[in-house]
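The values are calculated or read from the model by the stated rules, or taken from the named source; none is laboratory data. Just so we're clear, the structure is a prediction, and the values are computed from it rather than from any experiment. A quick note on method: Cβ atoms are made from the backbone with ideal geometry, for glycine too, and the neighbour counts reach across all protein chains shown. For the accessible areas, the whole protein counts, side chains as well, though only heavy atoms, and no ligand, DNA or RNA atoms are used. Shrake-Rupley method; radii C 1.70, N 1.55, O 1.52, S 1.80 Å.
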Amino acid sequence: MDTPTASRALATEAVHAGRDDLARQGLHAPPIDLSTTYPSYDSQGEAARIDAFATTGAIPEGPPVYGRLGNPTVARFETALARLEGTESAVAFASGMAALSAVLLVRGSLGLRHVVAVRPLYGCSDHLLTAGLLGSEVTWTDPAGIAAALRPDTGLVMVESPANPTLAEIDLRAVAHACGSVPLLADSTFATPVLQRPAEHGARLVLHSATKYLGGHGDVMAGVVACDEEFAGRLRQVRFATGGVLHPLAGYLLLRGLATLPVRVRAASANAAELARRLAADPRVARVHYPRIGGAMIAFEVHGDPHQVIADVRLITPAVSLGSVDTLIQHPASISHRIVDTTDRRDAGVSDKLLRLSVGLEDVEDLWVDLDGALRRPFRGAGNCATSHDEPAAASAP
């Protein structure tokens, strides 16, 4: 695939990156290569290519070899995502957790098993680090304590901004400076490259649960790490060894999803900003969390019973996950962050009253009618309690 030499706007990259060679091949839609293996009559040459991969993890030159080494359709998505994030490379995996696991395995293989992390993180990421399932040891701190928490065996600093589910934001440039030579991994799932590009602020690794906004339609599961080519080579080696590969059809769906990513994120963000404004003024809502950079995610705490709100929505889908074209709502303390220790969860701002709303592309008035109706029953008898609100961003699209 050709790599354009001229800088292109994000919206243009979203449509064309990973597809620049198609027209010259007489193609319009990217082909889906479902092969698991590829014929080769040059076994000596193939052996040399495999040896080279074992040494550096670089993508083998020439025709593909085997599905775990790489796939042409998935490679198109990786090329496109790297260009959107402004990194040299990207490596795709079967899920976001597979991607994070690969990063930990790469650092652990060098004896750098210590991780410094800032809460909140996605609940399963928190659990993976806390439980030490991959042999890692974690020190939890706030952003100001990162430099002091570093040790000689620290292999990674991990943050998520905006964070899941409280939407807390971190100064990525300041955090990257505090990391020194230790790689900073920024989970940017909520922001997407449309709202922020962590590599421009010093993050060496950018993690996405591609299941969310990158796919955008709730029909594909994937993860991806955007990074420099040196780290990408190590990630490919781990992916080859552990088998956490992305299916080619998923790679195709993700590449297709990227084409509409800027339009989807901006439209959903405009809806979210308006809903955040209305929720912040609603006496049934105790607090609204909405990030300064905007986006399509809202977190809000209710005075009444959050479980009743979940039970009473009709248009909005009560389901885990986020980033789809339809609006989803869930109770983090019961689902996405249930696996996190109760005290740790609450200390990170994930209260039992908190609801997380992933705003989609429906008409905002229809969404408000549904939210308003779902909030009525929990509010009965709750009284007019004093409220405090985070200042929501303006309702204009970011």
**Study point:** Debye, to nearest 20: dipole size of the chain, +1 on Lys, Arg Cβ, -1 on Asp, Glu Cβ
**Key:** 340 debye
Study note, to complete from the structure: Relative contact order in percent for the chain (Cα pairs under 8 Å, 6+ apart) equals 18 percent
**Study point:** Table column - 3J(HN,Hα) (Hz), the stretch 133-143, Karplus curve with 6.51, -1.76, 1.60, x for Gly and Pro
**Key:** 5, 10, x, 8, 10, 10, 10, 8, 8, 9, x
Check your understanding: With the dipole of the chain worked out from charges on the C-beta (+1 for Lys and Arg, -1 for Asp and Glu) around the Cα centre, which of Asn164, His307, Pro31 lies farthest toward the positive end?
Key -> His307
Exercise for review: Determine, for each peptide in 339-346, 214-221, 119-126, the mean count of other beta carbons within 10 angstrom over its residues, then list the peptides with the highest first.
Suggested key: 119-126, 214-221, 339-346
Point to revise | Whole-Hz ³J(HN,Hα) from phi, Karplus 6.51 cos²θ - 1.76 cosθ + 1.60, for the stretch 286-300, glycine and proline x | key: 7, 7, 10, 10, 9, x, 5, 7, x, x, 9, 9, 10, 10, 8
Practice item. Report the local net charge at Pro63: Lys and Arg +1, Asp and Glu -1, summed over other residues whose C-beta lies under 14 Å from its C-beta. Key: -3
Study note, to complete from the structure: Within the under-11-Å Cβ sphere about Glu160, not counting Glu160, Lys/Arg +1 and Asp/Glu -1 give a net charge of -2
Review point. Taking only the alpha carbons of the chain, what extent do you get along each of the three principal axes, in Å, biggest first?
Key: 78, 52, 35
**Study point:** Heavy atoms of Lys353: accessible area, 1.4 Å probe, square angstrom to 10
**Key:** 80 Å²
Check your understanding: In Å, what is the Rg of the alpha-carbon atoms in the stretch 1-155, and how long is Dmax?
Key -> 19.6, 58
Check your understanding: For Ile32 and Thr12 in one chain, what is 0.36 nm times their gap in residues minus the Cα-Cα distance, to one decimal in nm?
Key -> 5.0 nm
Exercise for review: Stick to Cα atoms and the Kirkwood definition of Rh, then tell me Rg/Rh for the stretch 305-360.
Suggested key: 0.99
Review point. Can you list residues whose amide H is under 5 Å from Val138's amide H, if they're 5+ apart or on another chain and H is modeled 1.01 Å from N?
Key: Val115
Point to revise | trypsin sites (Lys or Arg not before Pro) restricted to DSSP loop in the stretch 275-325 with at most 10 other C-beta within 10 Å | key: Arg314
Review point. For helix 72-85, what angle does its Cα long axis make with the longest principal axis of the chain, in degrees from 0 to 90 and rounded to 10?
Key: 60 degrees
Check your understanding: So what's the net charge close to Val194: Lys and Arg +1, Asp and Glu -1, counting the other residues with Cβ under 12 Å from its Cβ?
Key -> +1
Review point. Can you give the angle from 0 to 90° between the axis of helix 229-242 and the longest principal axis of the chain, with both taken from C-alpha atoms, to the nearest 10?
Key: 90 degrees
Check your understanding: Which percent of the accessible heavy-atom area of the chain goes to carbon and sulfur, probe 1.4 angstrom?
Key -> 54 percent
Exercise for review: Quick one: angle between helix 364-379 and the longest Cα principal axis of the chain, in degrees between 0 and 90, rounded to 10, please.
Suggested key: 50 degrees
